[in-house]
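A short worksheet on the structure shown next.
The values are calculated or read from the model by the stated rules, or taken from the named source; none is laboratory data. Note that the structure is a prediction, hence the values are computed from the model and not measured. Methodologically, a virtual Cβ is constructed for each residue, glycine included, from the backbone with ideal geometry; neighbour enumeration extends over all protein chains shown.
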Amino acid sequence: MSPVIYSVEGDVATITLDDKENRNALGNALTTGIYQAITSANADPNVRALVLTHKGNVFCAGANLKERSTQTGQVDQETIGFDQVLELILNSPKPVIAKISGAAMGGGIGLACAADISIATKDAKFGFTEVRLGVAPAIISVVCLAKMRRGEAMEAFLRGNKFSGVKAAELGIISRAVEAKDLDNEIQLVLEDILHGGPLALAAAKRLINEIPEKPTNEAFPWAAEYSNALFNSEEAAEGMAAFLEKRSPNWVTDK
């Protein structure tokens, strides 16, 4: 039985981490399950947004130390790596929203940072606890350092201490922290807004955020101008502009 539950309702796919016995730690089965679920959602034309969430009071405890302690160091080429999961989230053409109401340690923070929008409860616990295990947050640094200021990242990485959802929002790890009673409603409001955007436009917005900062200005402007022209000349843009002028909803907005 997979430790990941995958379900689709309307336009939204929900990926639920459900390995409470291991505190949703990132073992091979959980990592593979997340990867397969995201791949399925990306391939489903009816899915327009993904929600990554969990069962139990731990979102993700980081690496599965039981598994890691017995590994020899050689990686099976067929094994899905956590780096592949994070890269898949970043490159997904569909928005990924993390819904966190429990502890997120190590790799759990990586999932929160890789997601496009992450919302947690104020009392959720976060921590870069790797140094206390004699390792460092290497893989997740790729996604975390893109969202954190250098000095704050340095302190968090070196101290390895735990902090609240409120602090995680201050550090840029998550989008914001809310009261537990408001979490469901906050996620719903985000989804409603996202589903008013055109599918290709949402993918384009993610691409801009991921790629533009890596380009020097003299390359970014001509690239962006060409990309903008292609977007404005797309069928989706034609429908969006027509809907605006006709004061109606575009055809991608549904009541599902």
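What to note about this one:
- Of the residues making up segment 43-61, those that are assigned to a loop (DSSP other than H, G, I, E, B) and farther than 18 Å from Leu183 by Cα number 6.
- If the condition is being assigned to a helix (DSSP H, G or I) and either touching a Ser or Thr at 6+ places or on another chain (Cβ under 9 Å) or touching a residue at least 40 places away in the same chain (Cβ under 8 Å) (or both), then segment 115-141 contributes Thr129, Glu130, Leu133, Ile139, Ile140.
- Among the candidates Ala112, Ala205, residue that is surrounded by fewer than 17 Cβ atoms within 10 Å (Cβ to Cβ) and in a helix (DSSP H, G or I): Ala205
- For segment 229-256, the candidate set comprises residues that are surrounded by 10 or more Cβ atoms within 10 Å (Cβ to Cβ) and among the acidic types (Asp, Glu); within that set, the residue that is nearest to Pro199 (Cα to Cα) is Glu236.
- Qualifying residue in segment 21-37 (condition: out of contact with any Lys or Arg (no Cβ under 6 Å at 6 or more places or on another chain), exposed (fewer than 15 other Cβ atoms within 10 Å of the Cβ), modelled with pLDDT of 95 or more and more than 21 Å from Leu133 (Cα to Cα)): no
- Those residues of segment 124-166 which are touching a helix residue (DSSP H, G or I) at 6+ places or on another chain (Cβ under 9 Å) and among the charged types (D, E, K, R), in sequence order: Lys125, Glu130, Lys147, Arg149, Glu152, Arg159, Lys162
- Verdict on Ala153 being buried (at least 18 other Cβ atoms within 10 Å of the Cβ), modelled with pLDDT of 95 or more and part of a helix (DSSP H, G or I): yes
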